[in-house]
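A quick write-up on the structure given underneath.
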Amino acid sequence: MSYRDWMVKKLAENEFSQEIDSAHPLGDNLIEIITEKGKTLIVGVIDTQTLITKDEVYNLYISGPKSPNIVVSKYGVVWHGSAIDFSRKQNIGWGGMGEINSAIDTEDYGDIQKREYQFVEEGLLKHSRVNHLERLYDRVFKIHRSGNLPPITITLIDSYELSGDEVRQAIKKYKSFDAILKTNPNGNPTGNAFSAASEIGAKIFVWKELYSRLTRI
C-alpha cells in the first residue's frame, strides 16, 4: 500500500479528525477530503524518505487534476527552504498528517506549518534586532539582523533532555549551523550535547538565551 493510500484509509476512518466526512484518492498523488461542513480540501502527498525540493512541490502543484491546499510528507522527512517558500507563495500549507486538521479550519493555507516552527518564527520576527528570516530547511533559519550585525543560522531541536546523538543527527541532516535552539521549554541539554555541538563550533540555547544572543556580535 502506498503512503497516499494508507493516508486515505486513516482519514476515511476518522483516525485523525472527526470533522472529515469522506476521503478518497484523486489522481496519482492527491487526496480529496470532504468535511462534515461540506468543505472540499485537496491534500497533496509526497512519498519520499529524502529531501523535498521545490521541483517536487511544483510538479505536484501543476500535474494533478486539482491544485493542493496542503502538501504533506512522512514524519522526519526534510523540507528544503525553497520548497517551503514556493508552497507559501502559492497559498499551500505544508507539513504532515497533523497539519491537515489546521487546513480544515482555514482558507489561509500558506500560513500552515508545524506549531513548533510557527511559534519560533513569530517569536523571532518580534525581536527588535531581527530584520528578516531566511528559511534554509524546515528546522533551519538564517536570522538576518539589523545594525550591521552578522546573520546567525539556527536549527531547531524539540527535545526534553537534548542528547549528543540528537545534535549529531541534526548535523548529519543540515551539515552546519551556528546555534541550536532547544524548543522544548522543559528539561536541559546534556553535557554530551554541548560537546557534540562544539565539534562544529555551534552553541546551544534555550529561548531566552537566544533572544539575548541576537543583540550581540
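Using DSSP loop states and a limit of at most 16 other Cβ atoms within 10 Å to flag GluC sites (Glu not before Pro), what is the longest stretch of the chain containing no flagged site? Answer from the scan: 37-106.
Within the range 139-217, the trypsin sites (Lys or Arg not before Pro) that combine a DSSP coil assignment with at most 12 other C-beta atoms in a 10 angstrom radius are Lys175, Arg216. Radius of gyration (Cα atoms) of the range 1-115, expressed as a multiple of 2.2 N^0.38 Å: 0.95. If the segment from Gln118 to His132 were pulled out straight at 0.36 nm per residue, it would be longer than the present Cα-Cα gap by 3.6 nm. Electrostatic tally near Asp111: other residues with Cβ closer than 15 Å to its Cβ, Lys and Arg +1, Asp and Glu -1, net -3.
Looking at this model, which pairs from Lys114/Lys142; Lys66/Lys173; Lys54/Lys126; Lys74/Lys208; Lys74/Lys203 are more than 23 angstrom apart at the alpha-carbon? Violating the 23 Å limit, Cα to Cα: Lys66/Lys173; Lys54/Lys126; Lys74/Lys208; Lys74/Lys203. Other residues whose C-beta falls under 15 angstrom from the C-beta of Ile33 contribute a net charge of -4, scoring Lys and Arg +1 and Asp and Glu -1.
Among the trypsin sites (Lys or Arg not before Pro) in the range 1-53, those placed in a DSSP loop whose Cβ has at most 14 other Cβ atoms within 10 Å are Lys37. Compared with the rule-of-thumb size 2.2 N^0.38 Å for a compact globular protein, the chain has a Cα radius of gyration ratio of 1.10. Of all DSSP bridge pairs formed entirely within the range 36-141, close to 25 percent run antiparallel.
Readers should treat all values here as calculations from the given coordinates under stated rules, not as data from a laboratory. Computed from a predicted structure; not experimentally measured. Note that we place each Cβ from the backbone using ideal geometry, even for glycine, and neighbour counts take in every protein chain shown.
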